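S.K.: Quick one: structure below, then a few questions.
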Amino acid sequence: MAKENCIISLQGVRKVFGNTAVVEDFNLDITKGEFVTFLGPSGCGKTTTLRMIAGFETPTEGKILLNGEDITKIPPYKRPINTVFQRYALFPHLDVYDNVAFGLKLKKIPYEKTDKNGNKITKLRHLTNEEIDKKVAKALKVVDLDELENRDISTLSGGQQQRVAIARAIVNEPEILLLDEPLGALDLKMRKEMQLELKEMHRKLGITFIYVTHDQEEALTMSDTIVIMKNGEIQQVGTPIDIYNEPVNAYVADFIGESNIYNATMVGKKQVRFLNHAFDCVDDFPLNEKVDVVVRPEDVILTKVNAESKEDLCGRIDTKIFKGVHYEYVIMVGKNEVTVQDTKERNIGDIVKIEIEPENIQIMKKEVTANIYTDAWINNKNQVMISEFPFEADVTQILPGSQIDEEGYLVGKDGKKYDLNDADVIAEVGLNDLGISDIEDEKCLSGVIVDTVYKGDHYQVMVRTEQDEEFIFETAYTWNVNDIVWITIPKEKIKLTLKGDIKKYVKED
Ligand code: ATP
């Protein structure tokens, strides 16, 4: 059920290109008049989702409702939706007025007429010049270009050209305006100005804006609601403040704003341990649960070290950058880095005391504590197949006390033989147990680095194989997204659990 006052509802939307799903299980209700931003790194499926809303792409699965009506299969021109693209696609040989009026001159509107028998009939007619004038003037006023209607497009700045593109999109009075990285081609200063202007246009027009960007600051500045995407899936939907203050996972925290992210453990009731120190916090998680912790740099308080107190958490200032209003320090606490914003000037090498208020420690359920492959299987060489690749594994762990005989069968303590060929297993590999190399090795499984998150003293990196299997590893080294790597797993590091009863695999003589 779509929520009340909902203009667009995406329900179970999925889009597959070739064999790859680029949008997956996408469920979202957008309210009339809302400014919604799809935010995520390049390639996460933002544009594809926007294009499905516009009607340029059809979902492979799921449906899209507009004001409660299914529009999934309706062509773009029949939807009350217009799009502004990054490349403005203006006509260089026409002036501002004609660029904006272009669509209107072709447009036909219905009108009622009485025929010679006195019956009312509906016919179509072009807009009059007067009507076009009025609409163009209104649109140009919204984008603040009313003085420039006779200017040639080529004489306009990038920002002005983008305004013409917006005027052209709103002149038809759409119910929804889609904006795909509309400020991407502008320089930073112009971008900032246009962000505020777009927000103002949104307020004046009162229509729904769906905006796509990979720039988190832009999303925070402009949106009522941000939809954070990763690999075609929604990670979190919320107001900018919610998403900034309460990210649901380390990915969101890392993507939205600068943050310190640490592996941590719950060590008591509302007590969490990281940086080798127990902090009070406001979230309650089960004792000993491994969690991720996020602390924003502006929430770390630096004070003078009290030589008396042994309990205090202290660190040494390692780097210092002046950022205008504040300094940004990196403090080393053992091997861990803590990034801190502080208005007071301090010196590199100073030892400082670190405090964090309980409510500023954001605790998140740990997303992954190991790589778990639930659809692995054993081949006829007693190797485990993960992502369609054979890894050497110790299959005797499936049956305690067993061994492999010369023919390759598993033999139990009682002498019973088992043929594990094709047996379904769950394979588990720790985050520190993968060997990753950037040197090509055709004997190894290869993949591409798709994500890396810094966690204080190490990175958590995700590799995706051609078969869409994910391998996550922790490392002290930096890897770049899009790097191709080769994966090895030591035989003894693959933990196997048989799915179902081992009796199924008894070898009949
Ligand atoms: P960007 O910010 O770089 O535009 P995005 O988040 O908007 O990225 P999409 O443009 O939606 O991402 O692309 C998602 C994935 O789908 C990418 O891997 C892209 O290569 C792929 N893709 C998009 N359109 C097609 C298509 N027509 N055919 C095949 N693959 C496509």
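The values are calculated or read from the model by the stated rules, or taken from the named source; none is laboratory data. Just so it is clear, the model here is predicted, and its values are computed rather than measured. Here the Cβ positions follow ideal geometry from the backbone for every residue, glycine too, while neighbour counts run over all protein chains shown.
S.K.: Among the residues of segment 70-82, is any touching a Phe, Trp or Tyr at 6+ places or on another chain (Cβ under 7 Å) and within 16 Å of the ligand (Cβ to nearest atom)?
M.R.: yes
S.K.: Further question: Quick one: in segment 342-373, which of the residues that are buried (at least 18 other Cβ atoms within 10 Å of the Cβ), among the polar types (S, T, N, Q) and over 30 Å from Thr465 (Cβ atoms) is farthest from the chain's Cα centre (by Cα)?
M.R.: By that ranking, first place goes to Asn360.
S.K.: I need every pair where a residue in segment 239-250 that is touching a residue at least 60 places away in the same chain (Cβ under 8 Å) has its Cβ under 6 Å from the Cβ of a residue that is in a loop (DSSP other than H, G, I, E, B), sequence separation at least 6 or different chains.
M.R.: Asn249/Glu367
S.K.: Kindly establish whether Glu24 is assigned to a loop (DSSP other than H, G, I, E, B) and of a type outside the set (A, V, I, L, M, F, W, C).
M.R.: So Glu24 fails the test.
S.K.: Now a separate question. Of the residues that sit in segment 131-172 and are among the polar types (S, T, N, Q) and part of a helix (DSSP H, G or I), which one is nearest to Phe209 (Cα to Cα)?
M.R.: Looking at the filtered set, the residue picked out is Gln162.
S.K.: I'm trying to understand the selection: among the residues of segment 37-64, which are among the hydrophobic types (A, V, I, L, M, F, W, C), near the ligand (Cβ under 10 Å from one of its atoms) and surrounded by 19 or more Cβ atoms within 10 Å (Cβ to Cβ)?
M.R.: Residues of segment 37-64 among the hydrophobic types (A, V, I, L, M, F, W, C): 38-39, 44, 50, 52-54, 56, 64.
When the remaining residues are screened for being near the ligand (Cβ under 10 Å from one of its atoms), the result is 38-39, 44, 50, 52, 56.
Correct list: Phe38, Leu39, Cys44, Leu50, Met52.
S.K.: Continuing with this model, one more query. Is at least one residue of segment 199-217 buried (at least 18 other Cβ atoms within 10 Å of the Cβ), over 26 Å from Val13 (Cβ atoms) and more than 16 Å from the ligand (Cβ to nearest atom)?
M.R.: The answer is yes; a qualifying residue exists.
S.K.: Further, regarding this structure: What pairs come up if the first residue lies in segment 33-62 and is free of Cβ contacts under 8 Å to residues at least 40 places away in the same chain and among the small types (Gly, Ala, Ser), the second is more than 7 Å from the ligand (Cβ to nearest atom) and outside any helix (DSSP H, G or I), and their beta carbons are under 6 Å apart, counting only those six or more places apart or on different chains?
M.R.: Gly55/Pro75; Gly55/Arg79
S.K.: Restricting segment 173-183 to residues that are part of a strand (DSSP E or B) and under 13 Å from Phe38 (Cβ atoms), which is nearest to the ligand (Cβ to nearest atom)? Steps first, answer last, please.
M.R.: Start the filter on segment 173-183 by keeping residues that are part of a strand (DSSP E or B), which leaves 176-180.
Still in the list and also under 13 Å from Phe38 (Cβ atoms): 178-180.
On the way: Leu178: 12, Leu179: 12, Asp180: 8 Å.
Within segment 173-183, the match that is nearest to the ligand (Cβ to nearest atom) is Asp180.
S.K.: Among the strands (runs of 3 or more DSSP E) lying completely within segment 262-305, list those that include at least 1 residues that are hydroxyl-bearing (Ser, Thr, Tyr).
M.R.: Output list reads 300-303.
S.K.: Here's a follow-up. State which residue is farthest from the ligand (Cβ to nearest atom) when the search covers only segment 1-22 and only residues that are within 23 Å of Met222 (Cβ to Cβ) and among the β-branched types (Val, Ile, Thr). Give the derivation first.
M.R.: Our first condition is that a residue be within 23 Å of Met222 (Cβ to Cβ); within segment 1-22, this holds for 3, 5-10.
Next, from what is left, pick out any that are among the β-branched types (Val, Ile, Thr): 7-8.
On the way: Ile7: 22, Ile8: 17 Å.
If we take residues in segment 1-22 being within 23 Å of Met222 (Cβ to Cβ) and among the β-branched types (Val, Ile, Thr), then Ile7 is farthest from the ligand (Cβ to nearest atom).
S.K.: Now for a separate question. Within the bounds of segment 11-27, is there any residue that is over 20 Å from the mean Cα position of the chain (by Cα), among the basic types (Lys, Arg) and not assigned by TED's automatic domain parsing to the domain that holds Glu233?
M.R.: There is no residue in segment 11-27 that is over 20 Å from the mean Cα position of the chain (by Cα), among the basic types (Lys, Arg) and not assigned by TED's automatic domain parsing to the domain that holds Glu233.
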